[in-house]
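To keep things clear, I will list the structure first and then write my remarks on it.
FYI, it's all coordinate maths here, none of it is from the lab. Please read these numbers as outputs of a predicted model, since none were measured by experiment. Here the Cβ positions follow ideal geometry from the backbone for every residue, glycine too, while neighbour counts run over all protein chains shown.
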Amino acid sequence: MSLTVKLHITNQLNLNLGQTNINNKTKFYTTRIRTKPIYRSNSLISTTSYNKRTTTMHVPSHSSSIKSSLIDPDGGALVDLAVPERERAKKKLEAEALPQVRLTKIDVEWVHVISEGWASPLRGFMRESEYLQSLHFNCLRMESGSLVNMSLPIVLAIDDDTKTRIGSSPNVGLVGPNGDLVGILRSIEIYKHNKEERIARTWGTTTPGLPYVEEVITPAGNWLVGGDLEVLNPIKYNDGLDHYRLSPQQLRKEFDRRQADAVFAFQLRNPVHNGHALLMNDTRKRLLEMGYKNPILLLHPLGGFTKADDVPLDVRMEQHSKVLEDGILDPETTIVAIFPSPMHYAGPTEVQWHAKARINAGANFYIVGRDPAGMGHPTEKRDLYDPDHGKKVLSMAPGLEKLNILPFRVAAYDTVEKKMAFFEPSRAKDFLFISGTKMRTYARTGENPPDGFMCPAGWNVLVKYYESLQAEEALQQQAVLTS
C-alpha cells in the first residue's frame, strides 16, 4: 500500500517536477486546494503554484504486486457501452424499427470515445443538464456531490426534419455515414442547439476560421439530442491502424502486464521530433530518480478529426514507428496507441479534456507543454491563446486534482551542439525554433532540417508524404488544363 501524507506547501520546499524531499525520501504530490497564485521555480519549467493548499504525497511501493489502477477512472468505474455479442442480433432488430438519426464521420468518432469510457462517467451524448454544466463549469457534479472534469460538450446535433421524425419516441437508432446501424440512444432528450453560445464559451471567440466549428458546428442542426448510448459493435475503421486503437480498459491491462508503477502520457498531433523525445526521455529519467522503478510512457497521438494542413494519422503513425525503430524512444518502456477523440483546437478548455481522458486510460502523470491544443489565430498573426495558459489551467482545473501535471521546458535546436536541447535564455541566440508549420514547410519543399532535429527514417516518411501530395496536385492541375 502506498503511504499517503498530507502536507502544507510552503515557499521553502524544493519542488522538482512535483518532487518534495522529506527525510531524504522522494515523494510525489497532487494539488488539492488552490487559492492566491504564487510563482515557483521548477527544473522543467517556470510554472504557477498556489499557497494555502494541501497536497497528497504518493510514495512508490514495490513490496507488493503492482495493480492497475495507479489512478481510478472518473466515477470509480470505466464505462463500456458495447452490447454483449449474444444480444447484438436482438438489439439490431430493435434499432432497425426505431426512428433513426444519421451520424457524420465525426459523430462516429464521438460514439467511439463515449462507448469505450474515455469520457467516463458519461454514458451517452449529453442531455441538457450535462451540456450546461460542461459548457459553463467545465465539469459535472456526481450524485455523491463530487466533481469530474468535463470541459468539452459531447453532443449530437440533429436538424428539424430529424426532430420531426423522432416525434415522441423515447429511443432512436443511430446510423453511420454508410448506412450501417451503429447503436441505440435511449431515454432521449431533445433541446435547442445555441451555436453562438457554444462556440463563444468553448473557444473564447466566435471569429471565423475555427476548424472544428466550420467542419462540425456551423453545418449542424439547430437541435441537440442526448441519451444513454448502446453500441451494437465495437467501433472499427478498417484502415490498417485499428491495432493501435487500444481502449482505456486494454491500456490498463497492458500497464499491469508491464508492471508499471507510473504512467506518463504525452499527447501530440504532429510527428515526433528529437525535442519531443528529449523531454519524454528526460521525464522518465526524473521519475526514476524520484524512486519509481518502471515508469511507462504512453505516446498517445490524437486520431480523430484534425485540420486540413495537419499531417494525416497514417503518416504520423508510420513516422512514430520509425522513432521507436531507431531507438530514439525505447520500445520496452513506450506504448504507442491512438486516442480516438476529434480535435477542437480550443486551447486551455480542450487540454482539460485531453488530460481527463488519460486519467480514464490509467495514466497518473500528464506532460503538458507550450500552447497545448492551441493554434494560430484564424485572422490575425498571433497565437489564438496565451501559450502558458494551458499548463496553468491544468494546475487549477476542478476534477483533475488526482492527476500529476508535468510541465516541461521548451526544447529548441541548439546550433552550437547541433542537436535538440532545452532552451537556455542566457544564450538565446544559439537556439533555433522550428515550429510545426516550419517543419511541414521543410518537408514540402524538400529542404532538410538541421542534423539532429529528427531521426532520418522518420524524416523520410514526411518527405515521401509531401512528395506524394505534390504529385497529386500536379495531376489535378494537368486534368484541369486538358479538360
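Rounded, prolate or oblate: which one fits the range 383-423, using the alpha carbon gyration tensor with axes a ≥ b ≥ c (rounded when a/c is under 1.5, else prolate when a/b beats b/c, else oblate)?
It comes out oblate by the Cα gyration axes.
Select one label from (1) 26.5, 92; (2) 23.5, 89; (3) 23.2, 79: the one whose number is Rg and Dmax of the Cα atoms in Å as derived from the coordinates shown.
Correct label is (3).
On full extension of the chain, what length is gained from Glu128 through Ala308, given 0.36 nm per residue of separation minus the C-alpha to C-alpha distance?
Full extension of this stretch gives 61.7 nm more.
Expected output is a single nm value to one decimal: the length gained when fully extending between Glu380 and Met142, i.e. 0.36 nm times separation in residues minus the C-alpha distance. What is it?
Contour length minus the Cα-Cα distance gives 81.6 nm.
Please sort 163-170, 191-198, 129-136, 314-321 by packing, taking for each peptide the average over its residues of neighbouring beta carbons within 10 angstrom, highest first.
In descending order of packing, they fall as 314-321, 129-136, 191-198, 163-170.
Would you mind classifying the range 284-358 by shape? Square roots of the alpha carbon gyration tensor eigenvalues, ordered a ≥ b ≥ c; an a/c under 1.5 is rounded, otherwise it is prolate if a/b is larger than b/c and oblate if not.
Oblate, since a/c reaches 1.5 and b/c is not below a/b.
Go through 222-234, 372-384 and give me the packing order, highest mean Cβ count within 10 Å leading.
Output ranking for 222-234, 372-384: 222-234, 372-384.
What is the distance, in nm, between label points placed 7 Å from the Cα along the Cα-to-Cβ direction at Glu214 and at Lys429?
In this crude label model, Glu214 to Lys429 measures out at 4.1 nm.
Quick one: compute the contact order of the chain, relative version, from alpha carbon pairs under 8 angstrom and 6+ residues apart, as a percent.
17 percent.
Relative contact order, percent, of the range 258-311 when contacts are C-alpha pairs under 8 Å separated by at least 6 residues?
Contact order relative to length: 57 percent.
Among the DSSP beta bridges whose two residues both lie in the chain, what percent are antiparallel, rounded to the nearest 5?
In the chain, approximately 65 percent of DSSP beta bridges are antiparallel ones.
What is the range 122-209 by shape, rounded, prolate or oblate, if you read a ≥ b ≥ c off the alpha carbon gyration tensor as root eigenvalues and call it rounded for a/c under 1.5, prolate for a/b larger than b/c, and oblate otherwise?
oblate
Structure shown: which of Lys236/Lys418; Lys381/Lys419; Lys90/Lys192; Lys105/Lys356; Lys285/Lys356 lie over 31 Å apart, alpha-carbon to alpha-carbon?
Lys236/Lys418; Lys90/Lys192
Measure out, as a whole number of angstrom, how far apart the alpha-carbon centroids of the range 331-399 and the range 239-288 sit.
15
7 Å from Cα along Cα→Cβ at both Thr415 and Ala77: what's the point-to-point distance in nm?
6.0
Suppose R0 equals 30 Å. What FRET efficiency, 1/(1 + (r/R0)^6) with r the Cβ-Cβ distance, do Glu473 and Glu447 give to the nearest 0.05?
With a Förster radius of 30 Å, E is 0.95.
Check each of the trypsin sites (Lys or Arg not before Pro) in the range 249-295 and keep only those in coil by DSSP with at most 15 other C-beta atoms within 10 angstrom; list them in order.
Arg258, Lys293
Show me the chymotrypsin sites (Phe, Trp or Tyr not before Pro) within the range 386-454 that DSSP assigns to loop and that have at most 15 other Cβ atoms within 10 Å of their Cβ.
Passing sites in the range 386-454 are Phe433.
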